[in-house]
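Peer 1: Handing you a structure now.
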Amino acid sequence: MTKTTLAKPLLAMIGLLAILSAASGQSPTPPEPRQPLLPRAPARASWSVAFKYAGEEKPADPAIQPRPLGEVPRSIVITKVNDVYREQIDLATGKKMERWDFDGTLFTSNTAGTVFLIIPPTEDTPSPDYYDRRRSDFPELNWISKATYRGIGSFQGKQAFHFETEKDGTTLSAYLSLDSQMPLWFSDGTTTRTYTFNPPPAGPLEPPPAFSTARNRHKQAMDALKYRPSPP
């Protein structure tokens, strides 16, 4: 075997090692969000949302009192079982409310415990308290899209998918988990929401009697309209 014959495999091995060394030095390709960008939560799921508001920080001057927030949510625990959702709402005033969503039919209680129906909006009668979870478990994030994706960001020291856009002069910004693509954080410029996911419920959701009564009355009224005979 000649020196030339020995040199060829040696040169090939050196070239291969050089390629492997260069490849190992390259940064890994960052992950890309999968479709759907914001998937549905599992059929049985629970998550908490903590709220913070612009201007609620204690002023530097101790003589100045922080701005009172009023009856806005401080935290909400949302529990989902199939198409039924329960929202347990703690207000900034310390009072509590509850909201139930039965497949798009929403009932809420006020701070006195009275239960009433939230009417779906129409062109003539907007209803800011109504939202449709039949399309998304996170209706506040329905602006998330491929066009609003801004790449990998950092949330609480961990990598996360970052989305951001402008709407009516306001910056909307959100982070989704790399693993589940569930929401981690959302800001609309005046309110920030931080999401925490809880263990799923073990059984079905049983609404309190006041909500069951309101739901049954609404169903009876809708059935009566459905079967009302046409005028002669």
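Peer 1: Could you tell me whether the range 154-175 includes any residue that is under 16 Å from the mean Cα position of the chain (by Cα), assigned to a loop (DSSP other than H, G, I, E, B) and at pLDDT below 95?
Peer 2: No, there is no match, as no residue in the range 154-175 is under 16 Å from the mean Cα position of the chain (by Cα), assigned to a loop (DSSP other than H, G, I, E, B) and at pLDDT below 95.
Peer 1: Restricting attention to the range 105-129, which residues are assigned to a strand (DSSP E or B) and either in contact with a His (Cβ under 6 Å, 6 or more places away or on another chain) or not aromatic (F, W, Y) (or both)?
Peer 2: Quick first cut of the range 105-129, residues assigned to a strand (DSSP E or B) only: 105-109, 115-118.
Answer for the range 105-129, where residues must be assigned to a strand (DSSP E or B) and either in contact with a His (Cβ under 6 Å, 6 or more places away or on another chain) or not aromatic (F, W, Y) (or both): T105, L106, T108, S109, V115, L117, I118.
Peer 1: Got a sec? Which of T114, T190 is assigned by the TED database to the domain that holds W100 and either touching a Ser or Thr at 6+ places or on another chain (Cβ under 9 Å) or loosely packed, with under 14 Cβ neighbours inside 10 Å (or both)? Give the steps one after another, and end with the answer.
Peer 2: On the way: T190 fails: assigned by the TED database to the domain that holds W100.
Within the list T114, T190, the selection yields T114.
Peer 1: Take D137 and tell me if it is open to solvent by 20 Å² or more (accessible area, probe 1.4 Å), acidic (D, E) and either without any contact (Cβ under 8 Å) to a residue 60 or more places away in the chain or outside any strand (DSSP E or B) (or both).
Peer 2: Working: open to solvent by 20 Å² or more (accessible area, probe 1.4 Å): no; acidic (D, E): yes; either without any contact (Cβ under 8 Å) to a residue 60 or more places away in the chain or outside any strand (DSSP E or B) (or both): yes.
It is false that D137 is open to solvent by 20 Å² or more (accessible area, probe 1.4 Å), acidic (D, E) and either without any contact (Cβ under 8 Å) to a residue 60 or more places away in the chain or outside any strand (DSSP E or B) (or both).
Peer 1: Could you check how many residues of the range 54-88 are at pLDDT 95 or above and surrounded by 15 or more Cβ atoms within 10 Å (Cβ to Cβ)?
Peer 2: Total meeting the criteria: 13.
Peer 1: Suppose we filter I152, I119 for residues that are open to solvent by 80 Å² or more (accessible area, probe 1.4 Å) and among the aliphatic types (A, V, I, L, M); which single one remains? Don't jump to the end; show me each part of the working.
Peer 2: On the way: I152 fails: open to solvent by 80 Å² or more (accessible area, probe 1.4 Å).
Result: I119 is the single residue among I152, I119 that is open to solvent by 80 Å² or more (accessible area, probe 1.4 Å) and among the aliphatic types (A, V, I, L, M).
Peer 1: Can you spot a residue in the range 190-201 that is more than 23 Å from V81 (Cβ to Cβ) and among the hydrophobic types (A, V, I, L, M, F, W, C)?
Peer 2: Step one: filter the range 190-201 for residues more than 23 Å from V81 (Cβ to Cβ), giving 190-192, 194.
Next, only the ones that are among the hydrophobic types (A, V, I, L, M, F, W, C) stay: none.
Taking every residue of the range 190-201 in turn, none turns out to be more than 23 Å from V81 (Cβ to Cβ) and among the hydrophobic types (A, V, I, L, M, F, W, C).
The values are calculated or read from the model by the stated rules, or taken from the named source; none is laboratory data. Here the structure is a predicted model, which is why all the values come from computation and not from measurement. Every residue, glycine as well, gets a Cβ built from its backbone with ideal geometry; the counts of neighbours run over all protein chains shown. Remember, those area values only see protein heavy atoms, side chains included, never the ligands or the DNA or RNA. Shrake-Rupley method; radii C 1.70, N 1.55, O 1.52, S 1.80 Å.
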